[in-house]
Amino acid sequence: MVLKPTLAEAMKILKQLQDAKQEHLTLEQNRKSFSYRQGDQDKLVPDYDYDRTTMHLNTIDHFSLELRNAVAITNLKPIENQPEFHNINDILATIAVEKQHIQRLSRLNVTEKITKRSVGFGDTATTEYTELNYDPERVQKDLRDSKKRLDKMHMLLDQLNLTTSVGELQVPTIIAHLI
């Protein structure tokens with residue numbers, strides 16, 4: 001079976017393969033040994049074949065690695081008509097930086113330029129003022145702009161994930177039913 005998945009399809013297949021691998025490992029854990037009592041005539045031996053399980057796990061691992069490599073190579077290919085980004089990895093890295101920028105701006109996003117509070121008791125009570133050392137309106141504008149940039153990058157990444165193929169891959173017969 002030959003497969004030519006998009007990036008989005010490849011990520012879905014990788015998830016399916018990971019789930020299948022976990023299922024094999026769980027079955028192996030549950031069936032690798034069995035107990036019986038002395039004198040039991042009929043032992044209930046669970047269905048487990050070490051060689052078959054190993055072959056399935058190795059095939060899943062090998063194809064997963066091949067698919068991950070295809071995704072990695074595809075993510076490094078130049079993007080046409082996108083002067084702002086060289087490749088998909090560039091978009092992913094820029095998204096991470098933009099998210100950190102948004103977190104920083106969110107911490108600075110307060111509305112009151114000056115706050116006051118009473119400090120002390122009775123005759124020693126005084127008023128303490130805290131004043132911002134920056135323009136909160138500018139922070140709010142920068143935060144809105146940063147969120148818009150992040151949304152645009154996510155939309156571009158979604159479009160590329162749905163339309164960019166990772167190339168042709170030969171799916172091993174024993175795992176074709178998983179995909």
Check whether at least one residue in the stretch 114-137 is part of a loop (DSSP other than H, G, I, E, B) and hydroxyl-bearing (Ser, Thr, Tyr), and report yes or no.
yes
Over the stretch 1-50, the set of residues part of a loop (DSSP other than H, G, I, E, B) and either closer than 23 Å to Ile175 by Cα or in contact with a Ser or Thr (Cβ under 6 Å, 6 or more places away or on another chain) (or both) is Met1, Lys4, Pro5, Lys32, Pro46, Asp47, Tyr48, Asp49
Per the filter on the stretch 77-94, residues part of a helix (DSSP H, G or I) and either on the phi > 0 side of the Ramachandran plot or touching a Phe, Trp or Tyr at 6+ places or on another chain (Cβ under 9 Å) (or both) are Ile91, Thr94
- Message: Looking at the stretch 121-142, can you tell me whether even one residue there is touching a residue at least 24 places away in the same chain (Cβ under 8 Å) and crowded, with 16+ Cβ neighbours inside 10 Å?
- Response: yes
Scanning the stretch 93-119 residue by residue, those among the basic types (Lys, Arg) and modelled with pLDDT of 85 or more turn out to be Lys99, Arg104, Arg107
Residue set Leu157, Leu169; condition within 22 Å of the chain's Cα centre (by Cα), in contact (Cβ under 8 Å) with a residue 24 or more places away in the chain and under 30 Å from His62 (Cβ atoms); output residue Leu157
So, first residue free of Cβ contacts under 8 Å to residues at least 24 places away in the same chain in the stretch 65-89, second residue among the hydrophobic types (A, V, I, L, M, F, W, C) and surrounded by fewer than 15 Cβ atoms within 10 Å (Cβ to Cβ), Cβ within less than 9 Å, six or more apart or across chains; the pairs are His86/Leu76; Asn87/Leu76; Asn89/Ala72; Asn89/Leu76
Evaluate the stretch 120-128: report whether one residue or more is touching a Lys or Arg at 6+ places or on another chain (Cβ under 6 Å), modelled with pLDDT under 90 and farther than 30 Å from Lys4 by Cα.
-> yes
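The values are calculated or read from the model by the stated rules, or taken from the named source; none is laboratory data. Everything quoted here is computed from the prediction, not taken from an experiment. Don't worry about glycine lacking a Cβ; one is built from the backbone with ideal geometry, like all the others, and counts go over all protein chains shown.
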